[in-house]
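Structure first, commentary second.
The values are calculated or read from the model by the stated rules, or taken from the named source; none is laboratory data. Predicted model, so just to flag it, every value in this text is computed and none were measured. Cβ sites come from the backbone with ideal geometry, for glycine too, and all protein chains shown count toward neighbours. For the accessible areas, the whole protein counts, side chains as well, though only heavy atoms, and no ligand, DNA or RNA atoms are used. Shrake-Rupley method; radii C 1.70, N 1.55, O 1.52, S 1.80 Å.
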Amino acid sequence: MQTLIKSVDEQSVESAKKILLDGGVIGMPTETVYGLAGVGTMPEAVKKIFEIKGRPSDNPLIAHVHKHYDLDKLVLVKHDYVYKLIEKFTPGPLTLVFESKRVVCDEATCGGDTLAVRIPSHQGCQQLLQAVDMPVVAPSANLSKHTSPVTAEHVYNDLNGKIPLILDGGKCTGGIESTVLDVTGEIPRILRAGLVTKEMIEEVVGKCLIAEHKEGDRVKSPGVKYKHYRPNCKTALFEEKELDLVKKAYQEEIDCGGKPFVMCADHVGEKLKGVNLLLLGDTPEKIASNLYDKLLEGERKATLIIAVAMPDEKGVNMGIMNRLRKSCG
Ligand code: TXA
Ligand code: MG
């Protein structure tokens, strides 16, 4: 199969819509990462998504809908606080987990009673979702375990020959996957950290919990238990106060004939003169937006990526550290 990359416009959205309504699967831009999209009411399309990615069959998909879509068609909204969250954070990088009305097929939800729903803010994605006017399920458009794609080219590198079309909507501005928030209970609970932070949610609804994933627990959001986001080269992760160890690991890799790169915030890079660097920027939002791009650049250039951790887990740093531990830890 030939994989075409087409910029988002009326014509490409029309082709994308046709492929989706025929039960096909395409690459779709969003503001977080690119998705591998299929219509969520079509079991055959959903099966293709799992096959193409090599995704474990117990890890459910997020349903994406446009901003005028009536959520009541898909899910049961049990608590009033949810409307405040929808008002404040959608369209945008927040996924809400509701009790499902089972319109989206069991293949997508892995037979569970809940459905994760997201309203992306990316303009091209909205255009496509409005044209299709159905729930479109989409995991990140990478091969399972690999780093999530933030450009059409990244999608192409993983899925060339496996899908007919990638809609090119430019580089994703968010850069890490959406916050996944369970809203089935009295108090919302973060299942996956992202750009909509615990602090931001608490400002709107007062209290927000964070799901703890302990060994042996029944996993509430299956995706969090898997290895994820890994670039195709060796990796290491150090704290900022361990720059001595960073330099030691760097030198050891050179002594073995390798080519190390240090991936870090700009201010850390300034302390590492004469070292190959993958600079992430200096605000948490900037760092999130560059993270996967730099990991994917790193795997092309480096034999070893040495990542330097964020100073804390507050705000967006929680989502960044969650990805850094899985990709480089
Ligand atoms: O930003 C994003 O969320 C991107 C873009 C494409 O929208 N999508 C994405 O999908 O990251 P994926 O499949 O890579 O991650 C979905 C996460 C997984 O951790 C999965 O376990 C969780 O959402 N999830 C999906 N449905 C769920 C449900 N019903 N209950 C709990 N967790 C769910
Ligand atoms: Mg993913």
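Details
- Per-pair calculated FRET efficiency, R0 = 30 Å: Val103 and Ser15 via Cβ, rounded to 0.05: 0.70
- Over all Cα atoms in the chain, the spread is summed up by Rg and Dmax: 19.7, 61 Å.
- Sulfur and carbon atoms: percent of accessible area, the chain [1.4 Å]: 49
- Rounded tilt (10° steps) of 10-21 against the dominant C-alpha axis of the chain: 70
- Taking the DSSP beta bridges with both ends in region 8-160, the antiparallel portion is around 85 percent.
- For region 273-312 versus region 90-146, the spacing of their alpha-carbon centroids is 29 Å.
- Residue with peak Gaussian network fluctuation, the chain [Cα springs, cutoff 10 Å], from Leu191, Leu129, Leu245: Leu245
- Gaussian network model of the chain, Cα within-10 Å springs - most flexible of Tyr34, Tyr69, Tyr229: Tyr69
- Radius 10 Å from Cβ of Thr30, net charge of other residues (Lys, Arg +1; Asp, Glu -1): -1
- Shown in residue order for region 43-59 are the 3J(HN,Hα) couplings computed by the Karplus curve 6.51 cos²θ - 1.76 cosθ + 1.60 at θ = phi - 60°: x, 5, 5, 5, 4, 4, 4, 4, 5, 4, 7, x, 8, x, 6, 9, 10 Hz (x for Gly and Pro).
- Annotation: the antiparallel percentage among DSSP beta bridges lying fully within the chain is about 40.
- Remark: region 1-74 carries 44 Å² of accessible area per residue (probe radius 1.4 Å; ligands, DNA and RNA excluded).
- Protein heavy-atom accessible surface, 1.4 Å probe, per residue over region 172-329: 48 Å².
- Members of Lys198/Lys271; Lys47/Lys101; Lys17/Lys78; Lys18/Lys101; Lys88/Lys241 lying beyond 30 Å, as alpha-carbon distances in this model show: Lys198/Lys271; Lys17/Lys78; Lys88/Lys241
- Helix 243-255 axis, angle to the chain major axis (alpha carbon atoms, nearest 10°): 80
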